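Novice: Before I ask anything, let me first share the structure, which is written out below as structure tokens.
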Amino acid sequence: MSLDEQGKTGKSGEAAANAQWGGRFAGGPSAIMRAINVSIGFDKAMWRQDIAGSLAHAAMLAKVGIISAADEAAIREGLTEIGREIETGTFVFEDALEDIHMNIEARLSERVGEAGKRLHTARSRNDQVATDFRLWVRDSIDGLSAQVSALMRSLATRALEYADTAMPGFTHLQTAQPVTFGHHLLAYVEMLSRDRWRLADARKRLNECPLGSAALAGTSFPIDRKMTAATLGFDRPTANSLDAVSDRDFALEYLSALSIMAMHLSRFAEEIVIWCSAPFSFIRLSDAFTTGSSIMPQKRNPDAAELARAKVGRVLGSFVGLLTVMKGLPLAYAKDMQEDKLPVFEATEAMTLTLAACDGMVRDLTANGAQMRRFAGSGYSTATDLADWLVRVLKLPFRTAHHVTGRLVAMAEAKGVDLGELTLAEMQLVEPGITEDVFSVLSVDASIASRTSEGGTAGSNVRRQADIWLTQLNGEQAGDAA
């Protein structure tokens, strides 16, 4: 028997029209139609938001006299009990009721009778889902922002610990100049701080309440949308009912912010993979964040970092997927928008896990300071310090100093020695004005200590900036706890 035939001959109730909207339909949907139309399998994640929205709506309806106080009390009690049922796992979700809104409303009517049927007055599933979805994204932003702050705190703590630990700074993945490991870690604190700002900005823009926009045109009932918005913690009601039910740019902005953050975390994860490799051996992760090989007993694979690196594909794919769904939709609501939630849910889950993994790795890692220092001085990394000395002491134009330094690097390379291992006489063959003082700037420590410009890698800078971040982040944490 075909799937469609099963839909026509299945059990009564399964093939019957949805009782919540089926007055227009004599027959029921086919199994194929039910399968493509149902969303309860994923949108039940919004049950808390749906109940909160319904409680606010019922309170408003009672206040303006559209329903009685007794009906509102019955609705409130019924929704509270339904919340308990869902939390304890006793609530039965029905595919035939399609979505979280219909499932809760149907159960409410079972529990409280006619009062439950009055709840949907002056609203539609269109403004209901738009409200639920905004509430869900807002809650997710708050949760992810807390995780970002925790990761920033871990990075700043380790940066303070490694404020004076020399390591090579790279451009093109080639040794460029010496920096400190603490300075490197603080770079990611800055990136994450911008990620947090983007989430906060997205939260501000989404914090308008669609409820009361009804299907698309508003309602003729004398509702108080400002009351509903305030009850749900929104700043204001949405200003246009067409926009309110059909807008999903808040979800797109959220996914865009997550995509940028995932990219930042992927870059960090890539560096962990590199640093853990035997040729580098800059850091070590414990057994808690590594795995072994099924055939090579010596292997310690940084799989947590590799999987974190990969998550950007999932998150960016969610953003592009939803953007593609929305790009051709005329106003107002279309069922295409049922496809808005899965990418947001999946991206949020991916970022929740990735942030936790990165935070764990930051707290777990141990730096190999001796190995980092050895590489920090490789590749003639103090050449820029030599050029700067020529400008500062001999007053050479920088381009001339650059040329002189290049010739000295070539000489050192030909001799197979570091710059600091050239003799003064050899240096003076290229530039007679060079004095013994030049050797004071050619060490890794001297190079790092000299970078005291604002934002530079000097240990004093790193300690000061790490302290600033930790003071701010710890203060925020204390404020949240209060």
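The values are calculated or read from the model by the stated rules, or taken from the named source; none is laboratory data. All values derive from a computational prediction rather than experimental measurement. In this analysis, Cβ positions are derived from the backbone assuming ideal geometry, glycine residues included, and neighbour counts consider all displayed protein chains. These accessible areas exclude ligands, DNA and RNA; they are computed on the full protein's heavy atoms, side chains included. Shrake-Rupley method; radii C 1.70, N 1.55, O 1.52, S 1.80 Å.
Novice: Restricting to the stretch 285-296, give me the number of residues that are exposed (fewer than 15 other Cβ atoms within 10 Å of the Cβ) and either touching a helix residue (DSSP H, G or I) at 6+ places or on another chain (Cβ under 7 Å) or not in a helix (DSSP H, G or I) (or both).
Specialist: Count: 8.
Novice: Right, something else. Being assigned to a helix (DSSP H, G or I), basic (Lys, Arg), in contact (Cβ under 8 Å) with a residue 12 or more places away in the chain and surrounded by fewer than 17 Cβ atoms within 10 Å (Cβ to Cβ): is that true of residue 363 here?
Specialist: yes
Novice: Among the listed residues 332, 414, 357, 370, identify the single one that is part of a helix (DSSP H, G or I), in contact (Cβ under 8 Å) with a residue 24 or more places away in the chain, surrounded by fewer than 22 Cβ atoms within 10 Å (Cβ to Cβ) and of a type in the set (A, V, I, L, M, F, W, C).
Specialist: 357
Novice: Take the stretch 83-109 and flag every residue that is of a type outside the set (Ser, Thr, Tyr), over 29 Å from residue 220 (Cβ atoms) and either touching a Ser or Thr at 6+ places or on another chain (Cβ under 9 Å) or assigned to a helix (DSSP H, G or I) (or both).
Specialist: 83, 84, 85, 86, 87, 95, 96
Novice: Among the listed residues 342, 396, which satisfies the condition of being open to solvent by 10 Å² or more (accessible area, probe 1.4 Å) and within 30 Å of residue 131 (Cα to Cα)?
Specialist: The conditions single out 342.
Novice: Additional query: Give me the pairs: first residue in the stretch 460-482 and farther than 11 Å from residue 159 by Cβ, second residue modelled with pLDDT of 90 or more and open to solvent by 40 Å² or more (accessible area, probe 1.4 Å), beta-carbon distance under 6 Å, and six or more apart or on different chains, which are they?
Specialist: The qualifying pairs are 473/153.
Novice: Related question: Take the residues in the stretch 209-227 that are in contact (Cβ under 8 Å) with a residue 24 or more places away in the chain and more than 19 Å from residue 49 (Cβ to Cβ); name whichever of them is surrounded by the fewest Cβ atoms within 10 Å (Cβ to Cβ).
Specialist: Checked the stretch 209-227; the qualifying residue surrounded by the fewest Cβ atoms within 10 Å (Cβ to Cβ) is 222.
Novice: Output the residues belonging to the stretch 110-123 that are open to solvent by 20 Å² or more (accessible area, probe 1.4 Å) and part of a helix (DSSP H, G or I).
Specialist: 110, 111, 112, 114, 117
Novice: Still on this structure, I have one more. Sort out which residues of the stretch 124-143 are open to solvent by less than 20 Å² (accessible area, probe 1.4 Å) and in contact with a helix residue (DSSP H, G or I) (Cβ under 6 Å, 6 or more places away or on another chain), and write them in order of number.
Specialist: Listed by number, the residues that qualify are 127, 128, 130, 131, 132, 134, 135, 137, 140, 141.
Novice: Okay, next question. Please state which of the following conditions residue 201 fails to meet, knowing it meets all the rest: (1) under 30 Å from residue 161 (Cα atoms); (2) free of Cβ contacts under 8 Å to residues at least 60 places away in the same chain.
Specialist: Looking at each condition in turn, residue 201 falls short on (1).
Novice: I would also like to ask the following. Would you check which residues across the stretch 421-432 are open to solvent by 40 Å² or more (accessible area, probe 1.4 Å), assigned to a helix (DSSP H, G or I) and of a type outside the set (D, E, K, R) and list them?
Specialist: 424, 425, 428, 429
Novice: I would also like to ask the following. For residues that are under 21 Å from the mean Cα position of the chain (by Cα) and among the charged types (D, E, K, R), scanning just the stretch 297-329, find the one that is most open to solvent (accessible area, probe 1.4 Å).
Specialist: Filtering first and then ranking leaves 314.
Novice: On to the next question. Any chance you could count how many residues in the stretch 433-450 are in contact with a strand residue (DSSP E or B) (Cβ under 8 Å, 6 or more places away or on another chain) and part of a loop (DSSP other than H, G, I, E, B)?
Specialist: 0
Novice: Whether any residue in the stretch 42-62 is at pLDDT below 95, charged (D, E, K, R), over 23 Å from residue 211 (Cβ atoms) and surrounded by 15 or more Cβ atoms within 10 Å (Cβ to Cβ) is what I want to check.
Specialist: There is no residue in the stretch 42-62 that is at pLDDT below 95, charged (D, E, K, R), over 23 Å from residue 211 (Cβ atoms) and surrounded by 15 or more Cβ atoms within 10 Å (Cβ to Cβ).
Novice: Turning to a different aspect of this structure: For the stretch 179-235, what are the residues that are within 30 Å of residue 368 (Cβ to Cβ) and of a type in the set (S, T, N, Q)?
Specialist: 180, 193
Novice: Moving on to the next point. Against the definition (within 30 Å of residue 285 (Cα to Cα) and outside any helix (DSSP H, G or I)), how does residue 379 come out, yes or no?
Specialist: yes
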